[in-house]
Amino acid sequence: MAIPKKHIKRAVGRNRIRRIVRENFRHQQHDLPAIDIVVIAKAGIADLSNQEINKVLDKLWRKLVQRCGG
């Protein structure tokens, strides 16, 4: 997981994103293929609410499953 200081200045914000991604992954991992996944935070993620980040992650997990033939 890569959350650059350039996009989220404070450690509190970076840790918030990490917690959300880990928790969302924990709930979805049984549906995901057995592959290595790298998560890179893009600019603007700090402006999203927790619910919006979860919606984006759910969409990305579904896209990943489709691409991997799941």
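The values are calculated or read from the model by the stated rules, or taken from the named source; none is laboratory data. Please read these numbers as outputs of a predicted model, since none were measured by experiment. Neighbour counts are summed over all protein chains in view; Cβ atoms, including those assigned to glycine, are modelled from backbone coordinates with ideal geometry.
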Name the residues in the stretch 1-18 that are basic (Lys, Arg) and not in a helix (DSSP H, G or I), would you? Lys5, Lys6, Lys9, Arg10
Return the pair list, or none, for Cβ contacts closer than 7 Å from residues in the stretch 6-32 that are under 15 Å from Val56 (Cα atoms) to residues that are not in a helix (DSSP H, G or I) and not acidic (Asp, Glu), at least 6 apart or on different chains. Ile17/Ile3; Ile17/Ile8; Ile17/Ala41; Arg18/Met1; Arg18/Ile3; Val21/Met1; Val21/Val39
Restricting attention to the stretch 8-47, the residues that are farther than 16 Å from Leu64 by Cα and touching a helix residue (DSSP H, G or I) at 6+ places or on another chain (Cβ under 7 Å) number exactly 7
Which ones in the stretch 19-55 are assigned to a helix (DSSP H, G or I), modelled with pLDDT under 95 and within 27 Å of Lys6 (Cα to Cα)? Ile45, Ala46, Asp47
